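The values are calculated or read from the model by the stated rules, or taken from the named source; none is laboratory data. Nothing here was measured: the structure is a model prediction, and the numbers come from that model. Here the Cβ is made from the backbone with ideal geometry for all residues, glycine too, and neighbour counts use every protein chain on show. For the accessible areas, the whole protein counts, side chains as well, though only heavy atoms, and no ligand, DNA or RNA atoms are used. Shrake-Rupley method; radii C 1.70, N 1.55, O 1.52, S 1.80 Å.
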Protein chains: 4
Amino acid sequence: MVDGCPPRLALDAADIQPDLDRRRPGQSRLVTQRDETDQVEILSGVWEGQTTGTPIAMLVRNADHNSGAYDHLSDVYRPSHADYTYDAKYGIRAIAGGGRASARETIGRVAAAAVARQLLTKVAGIEVLAWVSAVRDIDASADIDPDAVTLDDVEADPTRCPHPAHAASITSAIEAARKAGDSLGGIVTCVARHVPAGLGEPVFDKLDAELAKAIMSLPATKGVEIGSGFAGTRLTGLAHNDAFVPGPDGAPITTTNRSGGIQGGISNGATIVVRAAFKPTATIASEQQTVTRDGDATTLAARGRHDPCVLPRAVPLVEAAVLLTLADHWLRQRAVDIW
Amino acid sequence: MVDGCPPRLALDAADIQPDLDRRRPGQSRLVTQRDETDQVEILSGVWEGQTTGTPIAMLVRNADHNSGAYDHLSDVYRPSHADYTYDAKYGIRAIAGGGRASARETIGRVAAAAVARQLLTKVAGIEVLAWVSAVRDIDASADIDPDAVTLDDVEADPTRCPHPAHAASITSAIEAARKAGDSLGGIVTCVARHVPAGLGEPVFDKLDAELAKAIMSLPATKGVEIGSGFAGTRLTGLAHNDAFVPGPDGAPITTTNRSGGIQGGISNGATIVVRAAFKPTATIASEQQTVTRDGDATTLAARGRHDPCVLPRAVPLVEAAVLLTLADHWLRQRAVDIW
Amino acid sequence: MVDGCPPRLALDAADIQPDLDRRRPGQSRLVTQRDETDQVEILSGVWEGQTTGTPIAMLVRNADHNSGAYDHLSDVYRPSHADYTYDAKYGIRAIAGGGRASARETIGRVAAAAVARQLLTKVAGIEVLAWVSAVRDIDASADIDPDAVTLDDVEADPTRCPHPAHAASITSAIEAARKAGDSLGGIVTCVARHVPAGLGEPVFDKLDAELAKAIMSLPATKGVEIGSGFAGTRLTGLAHNDAFVPGPDGAPITTTNRSGGIQGGISNGATIVVRAAFKPTATIASEQQTVTRDGDATTLAARGRHDPCVLPRAVPLVEAAVLLTLADHWLRQRAVDIW
Amino acid sequence: MVDGCPPRLALDAADIQPDLDRRRPGQSRLVTQRDETDQVEILSGVWEGQTTGTPIAMLVRNADHNSGAYDHLSDVYRPSHADYTYDAKYGIRAIAGGGRASARETIGRVAAAAVARQLLTKVAGIEVLAWVSAVRDIDASADIDPDAVTLDDVEADPTRCPHPAHAASITSAIEAARKAGDSLGGIVTCVARHVPAGLGEPVFDKLDAELAKAIMSLPATKGVEIGSGFAGTRLTGLAHNDAFVPGPDGAPITTTNRSGGIQGGISNGATIVVRAAFKPTATIASEQQTVTRDGDATTLAARGRHDPCVLPRAVPLVEAAVLLTLADHWLRQRAVDIW
């Protein structure tokens, strides 16, 4: 359900589907082999190919769900998954598909973000693009130019790492992990280009704060950085500060971008750069120590079809987090720019 | 202004003041020498030493403000500060004290968090404690046991690094940076102990997402981690997962805590561990390249009394972010635990 | 979409359907003869007959929609309808079924309120009941005892006026209006019994304020009263005040209820009494003066199947407004009653 | 605290004070004789006579409070006041000045609304004006032309009834009530002129719904009407509908205004007309039956300085409710009007 999309924006299901397809299970041999076509149906908010300004409801039905696949989990908590915490919170064990904690929920984020992308691309001129910059210790960050990478570069390989040599290493690592009944984590980098200066609110709803929340709300994230991030703590102020120089249109621009496009919580017109850390997939085929719902010690080796590494499919999720946050703030800024 | 504090909680200004004093300028030679007593006045919401349940308004007036100290900035943008972005957003240059982007605003967070601390400590039994774990490349993280450190340990040294040897190195580094007209960044670690399992909401308002937002809304933060954070991306699932074993009261506990106390966005009863990256202070005495409000190139060497390193004073800020987030979710959980 | 329903509440579609049936078109000859079965499908939030605590999505598809029925309206604004204002707001004329302004949207309110009713009835012991107290100048208010009327009384007649003689007059009036190509308005009274004292928030989110908003957001409402309402302005304070006397369980009770169960915006334990004014249906078969989308004067006589009087079908809508407001405040009060 | 005011709006305390003075106690012999100067101090959000875009904090301190004046109430509940409900909600009896339920809180609404008035008047061209249209059974409604009445007309008499003959009757009635230890209620009418078509949101946040909430959140209100209100329920659709005709600038206008300027929850460009019912003041000098906090029957005759009729001072409160609601929706509409 998307509320707040302005009216008269061209939109139909064909605008949504490509992003859903980038997130879809079964899209390559690197990801889970569940077969979901994930076809979106627009229920409301669009009339004759245009948004109406009222809420846009979209529906994607599960096709290849197999509740029985989860029966062996009904009485046991998967380690580092949400099974125990949901039970602790709600006192109910709704297991099929992982319930609300299933990464399946992210389809809604991607669908909503596809609407945001229409607004940002067509109206605001903003481009959002993410890619896999690291898997385990295979770190391509230093070899990828955030200002140059394109969607074609990212989509050229199933890993969504736009550096072919590193992509090949990542592919091997993921296949080895799958065979070993193990899993891998990694880092997604996301840029937002041509964001106007001025987005973000003072104090609590800073743009970086909202981006951090959006990204950290994605399944399996354990960290987020803006600009220089943790590495920036090792520089001194003189080395870290981004010097201003006059820009081509008169507005100041920075000669470096350690700020990651955000200063004082508000965009400064430079490219926004965020990085998200994804832990290795919790669900693995190897046997692990755990407890039953009754509190008894047991072991568990997960069955079913799971991603040995979520990174390739996490790319559209990180884009979604950034797109939705930027669309919100771009619209909020309309009530500031009244003159 | 604090809304949502339950009634009949013992509270007076003496409960707020100690946390304000930990944040106060001039508290040691390591921090800015502005002299603010930061005395809090409770305007509403407390009656005869107890909260009334209605909003608690608190007022702290600036004493040692010297607007003239900012006159030289009226027409120039400080690098890596919010001067330019606020001007871009609002079209006005309200310079005194940095305006709404001044770190002075954090006094409100600390005052509000002192109220939250009363609730969490006295009613929920939750303890929140932060400390400086790194400054520049002086990293005490591996030498501090997050389960053992106490408030006394933290407050024993003006650096708020609870490891004496590292604290001494940090002190030297800060003093050297000040003399050099430079500044340093670092990392604050914060734990929340005895948090009940079940706090946090599905999907968007996950506990880690809300913590990330709260922390990333603090001035100068560039990164946040929960549990294993970015380092966790280098482990495999088998090494990263936290095994469950039966706990002393029947509830499962984890043998490790790479989850940082949060699984699927919901607390699991283990200690919550978060890390916040603070960039080196943007305001430095050394001369830097920048532009004027009219778009002309110029240079700037900041005058005034600034922190060469915000880390010691950032400790109560990180605690505030965590306290306010936990208090909110502890209260929200009341509407879930209805049986 | 219902968020915030506590977990482990028994719920299935059969709990929702009866309220939808009371709102359904075609349920009697007094209302629109469109034939909608309005079968609800629960998409999420319920597991094995119990709520999971996570959002409950429900879907009701239109069956008897006939977009062509609205073709004659594509270029003309119906008087006193939302056609013009939606076009002015959004710049788009999405006519089928009236778009988002169609009273068809109220099916979502009734479905959501059926969930709230489960919570309030089974857990909080609160009963919400509405009825038609007036149609045009046939005013049964003085002849109906708000403390005695039952759901059976209300449902005994298609008018939902629990006073048989007035109900008969109302039936005649509605049938006459239909034949005349005209329409009628009236008043719905709603009570909430056994509401605990203490619900409602100070200042802005007073219980009566929230009830007024919920009711005034229903289609066709033009007024709302709590307790003595407009008539109360003609009494003096001495005559209007509700005297307190000791109640059976020690808590004070009032000897009269001109407050309508709410004092200072907070429930006082007495029955909450609200009244909602519904204007006569805007869509009528008689010819009326209007303008086209291009600004030309024209006339319009509505075709299609419309309610000559919305009052009988408005009863579950008013109940929905009250149920949802009370459920929200009952849950909010959980964070106040912490001791 | 006002958040969301756009930047660069001229504002200083002198823009706020006149509205506070219209609400001030002691302004005429018809109202409470407490002597409060109600001088406002702007704490933040204004820089050199212009709003900065960041929150505007304003402070008005009580001068003539006399907590001792409430000592006789510490153990007794005033009938039809909030004493009992606040105690039931919060379990605390914070009596001085009535606590958060005191009408003293409305000073914040009026101060905030004075800011909204600057925006609406200077930028949006909207005028909001209220007056007393009835006190007890002295009803001037039919004798006042809502399109013609001016602020000077309203302020010409301490009653704020812009019809001199009725104003004289109201004055006599209020003075008689005061002498009798009794009190009076009445009706305030408020218009908003030159509101652009398109303000208000679909479904829940309709403009009339938000106005109803804002008005019903004012102390002592028991009813609210938009346009034809309850009287409109006695008309048929043919008589009630507002015919459209082409307007001078091409947009349709209505020949009548039973809609009160709002159709389908969205403004249609006609004058918005709302009416608010205020009950007679609950605090009266006559002896009344009540109970103590311990549950014992007792009697109470209020002492202190109270308004025998709140209507004259309620006029700026109703304006405040309308101003704040319109400013909010005018700003929200900026995110819809993006083309």
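Worth pointing out:
- Residue in the range B:77-98 that is within 11 Å of chain A (Cβ to nearest Cβ) and modelled with pLDDT under 90 present: yes
- Test: residue in the range A:289-296 that is closer than 30 Å to A:G26 by Cβ and touching a Ser or Thr at 6+ places or on another chain (Cβ under 8 Å): yes
Yes/no per residue for (1) farther than 30 Å from A:G265 by Cα; (2) at pLDDT 90 or above; (3) hydroxyl-bearing (S, T, Y):
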site	(1), (2), (3)
D:L20	yes, yes, no
D:S28	yes, no, yes
D:T32	yes, no, yes
D:Q39	yes, yes, no
D:G45	no, yes, no
D:Q50	no, yes, no
D:T54	no, yes, yes
D:M58	no, yes, no
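- Flag for A:L218 being more than 8 Å from chain B (Cβ to nearest Cβ) and under 17 Å from the mean Cα position of the chain (by Cα): yes
- Within the range D:41-61, residues that are open to solvent by 50 Å² or more (accessible area, probe 1.4 Å) have Cβ atoms under 9 Å from residues that are basic (K, R) in these pairs: D:E41/D:R61; D:L43/B:R61; D:W47/B:R93; D:Q50/D:R8, counting only partners at least 6 apart in sequence or on another chain.
- Among the numbered conditions (1) at the interface with chain C (Cβ under 8 Å from one of its Cβ atoms); (2) more than 15 Å from C:I226 (Cα to Cα); (3) under 14 Å from the mean Cα position of the chain (by Cα); (4) open to solvent by less than 20 Å² (accessible area, probe 1.4 Å), the only one that D:C190 does not meet is (1).
- Selection over the range C:150-166 of residues that are surrounded by fewer than 22 Cβ atoms within 10 Å (Cβ to Cβ) and either on the phi > 0 side of the Ramachandran plot or without any contact (Cβ under 8 Å) to a residue 24 or more places away in the chain (or both) gives a count of 8.
- Scanning the range A:244-294 for residues that are of a type in the set (G, A, S), under 28 Å from A:S183 (Cα atoms) and open to solvent by less than 20 Å² (accessible area, probe 1.4 Å) turns up A:A276, A:A277, A:A282.
- From the options D:G250, D:G229, D:G237, residue that is in contact with a strand residue (DSSP E or B) (Cβ under 6 Å, 6 or more places away or on another chain) and at the interface with chain C (Cβ under 7 Å from one of its Cβ atoms): D:G229
- Qualifying residue in the range D:170-178 (condition: of a type in the set (K, R), open to solvent by 50 Å² or more (accessible area, probe 1.4 Å), within 14 Å of another protein chain (Cβ to nearest Cβ) and touching a residue at least 24 places away in the same chain (Cβ under 8 Å)): yes
- The single condition among (1) touching a residue at least 60 places away in the same chain (Cβ under 8 Å); (2) part of a helix (DSSP H, G or I); (3) open to solvent by 50 Å² or more (accessible area, probe 1.4 Å) that C:A142 does not meet is (1).
- Residue within the range B:96-112 that is open to solvent by 30 Å² or more (accessible area, probe 1.4 Å), assigned to a helix (DSSP H, G or I), out of contact with any strand residue (DSSP E or B) (no Cβ under 9 Å at 6 or more places or on another chain) and more than 23 Å from B:L20 (Cβ to Cβ) present: no
- From the options B:A243, B:A297, B:A285, B:A214, residue that is within 30 Å of A:D139 (Cβ to Cβ) and out of contact with any helix residue (DSSP H, G or I) (no Cβ under 6 Å at 6 or more places or on another chain): B:A243
- Sole residue being at pLDDT 95 or above and open to solvent by less than 30 Å² (accessible area, probe 1.4 Å), chosen from C:A209, C:A231: C:A209
- One residue alone among B:I138, B:I126 is closer than 21 Å to B:T325 by Cβ and either among the hydrophobic types (A, V, I, L, M, F, W, C) or within 17 Å of the chain's Cα centre (by Cα) (or both), and that residue is B:I126.
- Scan of the range B:1-32 for residues that are more than 26 Å from D:I92 (Cβ to Cβ) and over 20 Å from the mean Cα position of the chain (by Cα), ordered by number: B:R29
- Applying the set (1) buried (at least 21 other Cβ atoms within 10 Å of the Cβ); (2) over 24 Å from the mean Cα position of the chain (by Cα) to D:G91 leaves exactly one unmet item: (1).
- Looking only at the range A:212-226, and only at residues there that are outside any helix (DSSP H, G or I) and in contact with a strand residue (DSSP E or B) (Cβ under 6 Å, 6 or more places away or on another chain), the one that is surrounded by the fewest Cβ atoms within 10 Å (Cβ to Cβ): A:A220
- Checking each residue in the range C:305-319 for being assigned to a helix (DSSP H, G or I) and within 12 Å of chain D (Cβ to nearest Cβ) picks out C:L311, C:A314.
- Filter result (open to solvent by less than 20 Å² (accessible area, probe 1.4 Å) and within 14 Å of chain D (Cβ to nearest Cβ)) within the range B:3-32: B:C5, B:P6, B:P7, B:L9, B:L11
- Test: residue in the range C:118-133 that is touching a residue at least 24 places away in the same chain (Cβ under 8 Å), part of a helix (DSSP H, G or I) and in contact with a Cys (Cβ under 8 Å, 6 or more places away or on another chain): yes
- Only one of the numbered conditions (1) assigned to a loop (DSSP other than H, G, I, E, B); (2) closer than 28 Å to C:W47 by Cβ is not met by A:R8, and that is (2).
- Against the numbered list (1) aliphatic (A, V, I, L, M); (2) buried (at least 24 other Cβ atoms within 10 Å of the Cβ); (3) assigned to a loop (DSSP other than H, G, I, E, B), D:V203 comes up short only at (2).
- Looking only at the range D:286-339, and only at residues there that are without any contact (Cβ under 8 Å) to a residue 24 or more places away in the chain and more than 30 Å from D:A134 (Cβ to Cβ), the one that is nearest to the chain's Cα centre (by Cα): D:R334
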